[in-house]
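Colleague: The structure that follows is given in the form of structure tokens.
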Amino acid sequence: MDDKEIILPSPDPLPSQASGGCPVHFGGITSGGHTPLNYNSYLMVEQLKKLQICQSEPPHHDEPLFIIIHQTYELWFKLIIHELDLVLDLMRKDKVRKATHFMRRVGAIMKLLVGQIHILETMAPRDFLAFRHKLNPASGFQSSQFREIEFMAGLKDERMLSHFEMDKEAYATLTHRYRGETLGEVFYDLLRLHGFNLPSPTPGDDQAKAAQMEAERIRELCRLYEDESGALTDLHDLAESFIDLDELISLWRTNHVTVVERIIGFKRGTGGSEGVGYLRSTLHKRCFPDLWNLRTALV
Ligand code: HEM
């Protein structure tokens, strides 16, 4: 099925893509004129090492851990977004296997991120309290890349944009993502091209109509999991890669809230939320609800 190219319409490019550049900004390489490239200059290691600025005075021993763990998350988030943009593009071109290949990369990165949070458990609660007040009102709420990933995966919540009103660039990127297509929407368009009947509600449809359409969609999606001919294997594998991503995001949320409780208990968040109570309320979130629900319908 990867052989025939069916091009689906692409949405407007991101502001950074408008000039035909890389969807995520990775900058151009300058090797410093005549100086041959070496490991440190290529990776800008010296510049990278200067990006950890402690707020505590004198710097608390554990603050570099806190900064570096967040910075490495943000770097991996940047790459995840880069890969998801490609996956969207590949699905629009009916390149199913390639899309699955890059979703597997996203899954491999996410597995690392799920485990990485535990490094923070080596920080004693009182050590964190020694510099936590210096971070106010900065908060994970303001991770625009985390929100971008959520929006791309289908978890769009307009209220989240309000956390970025002071940050024009992040606000513009997130607003673009908010208006853009999600992985689930592009996947459904791809399935429609392959003959799937997947009705989706339009504004004005009542609850009963929406529920009826959901049941129809789930009946259709079950075909991916019931097919024994092999004709739908590639699409099935792509669907499973979305479930992998969803499960890994969910595992990250569980690990994050557990680490948060272990370090700050039930104190309020620096972003103003209830803290653990708020984070627990996010644990049920699902990016691909139909793909989860179809499992109940399978016989
Ligand atoms: C000592 C370690 C940490 C503590 C105590 C902590 C605490 C919190 C709290 C209380 C919130 C709720 C929002 C608020 O009111 O501030 C939150 C949200 C968040 N944190 Fe952390 N966090 C920690 C480490 C991390 C790390 C390493 C990441 C890596 C990216 C991270 C990413 C996030 C994100 C993305 C949110 C928003 C979650 C959502 O709205 O679903 N946090 N964090």
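Colleague: Would you mind telling me which residue in Val45, Val96, Val259 has the biggest mean-square fluctuation in a Gaussian network model of the chain, where springs connect alpha carbons within a distance under 10 angstrom?
Modeller: Val45
Colleague: Using a 1.4 angstrom probe with every protein chain in place, what is the largest-first accessible-area order of Arg219, Arg105, Arg92?
Modeller: The ordering from most to least exposed comes out as Arg219, Arg105, Arg92.
Colleague: Follow-up question, since we're still on this one. Take the alpha carbon atoms of region 111-143, find their center, do the same for region 201-228, and report the distance between the two centers in whole angstrom.
Modeller: First find each Cα centre; the distance between them is then 41 Å.
Colleague: How about Lys95: which lysines have a C-alpha closer than 20 Å to its C-alpha, ignoring those fewer than 8 places off in the same chain?
Modeller: List returned: Lys4.
Colleague: Order the peptides 131-141, 80-90 from the highest to the lowest mean number of other Cβ atoms within 10 Å of their residues. Spell out each step's value before the answer.
Modeller: Values: 131-141: 14.1, 80-90: 20.7.
With the highest mean Cβ count within 10 Å placed first, the list reads 80-90, 131-141.
Colleague: Quickly rank 70-78, 230-238 as a protection proxy: mean count of other C-beta atoms within 10 Å, highest first.
Modeller: Listed from highest to lowest mean packing, they are 230-238, 70-78.
Colleague: Okay, next question. What FRET efficiency comes out for the pair Asp205/Lys285, r = Cβ-Cβ distance, R0 = 25 Å, nearest 0.05?
Modeller: 0.65
Colleague: With the cut-off at 22 Å, tell me which of the pairs Lys50/Lys78; Lys78/Lys98; Lys50/Lys111; Lys156/Lys285; Lys49/Lys78; Lys134/Lys168 have Cα atoms farther apart than that.
Modeller: As for pairs spanning more than 22 Å Cα to Cα, those are Lys50/Lys111; Lys134/Lys168.
Colleague: Which one, Phe164, Phe242, Phe26, has the greatest fluctuation when you compute a Gaussian network model over the chain with C-alpha springs under 10 angstrom?
Modeller: Phe26
Colleague: Subtract the Cα-Cα distance of Glu165 and Ile109 from 0.36 nm times their separation in residues, and report this length gain in nm to one decimal.
Modeller: 17.2 nm
Colleague: Related question: I'd like to compare 268-281, 201-214: which one has the highest average count of other Cβ atoms within 10 Å, and what's the full order after that?
Modeller: Highest to lowest by the protection proxy: 268-281, 201-214.
Colleague: What does the helix-only formula give at 222 nm for the chain: each DSSP H stretch with n ≥ 4 adding -39500 (n - 2.57), the total divided by the residues, and the result rounded to the nearest 500 deg cm²/dmol?
Modeller: So the helix-based figure for the chain works out to -18500 deg cm²/dmol.
Colleague: Mind pulling up the Rg/Rh value for the chain? Radius of gyration and Kirkwood radius, both on Cα. Can you show the working numbers first?
Modeller: Working: Rg = 21.6 Å, Rh = 21.6 Å.
Looking at the chain, the ratio lands at 1.00.
Colleague: Suppose the chain between Gln55 and Ser41 were pulled fully straight at 0.36 nm per residue; how much longer would it get relative to their current alpha carbon spacing?
Modeller: My answer for the length gained is 2.3 nm.
Colleague: Using r as the Cβ-Cβ distance of Asp157 and Glu261, and R0 as 35 Å, what FRET efficiency do you calculate, to the nearest 0.05?
Modeller: Details: r = 23 Å, r/R0 = 0.67.
For R0 = 35 Å, the calculated efficiency reads 0.90.
Colleague: Right, something else. For the pair Gln142 and Glu214, how long in nm is the line joining their label points, each one 7 Å along Cα→Cβ?
Modeller: Taking the two extended label points, one gets 3.7 nm.
Colleague: Continuing with the same structure: Could you check the spin-label model distance between Arg192 and Ile67? Points 7 Å from the Cα along Cα→Cβ, value in nm.
Modeller: Label at Arg192, label at Ile67, 4.9 nm between them.
Colleague: What is the sum of charges, Lys and Arg at +1 and Asp and Glu at -1, for the other residues whose Cβ falls under 13 Å from the Cβ of Gly275?
Modeller: Within the 13 Å Cβ shell, the charges total +3.
The values are calculated or read from the model by the stated rules, or taken from the named source; none is laboratory data. Owing to the predicted nature of the structure, the values given are computational and were not obtained by experimental measurement. Ideal geometry is used to build each Cβ from the backbone, glycine not excepted, and the neighbour counts take in all protein chains shown. These accessible areas exclude ligands, DNA and RNA; they are computed on the full protein's heavy atoms, side chains included. Shrake-Rupley method; radii C 1.70, N 1.55, O 1.52, S 1.80 Å.
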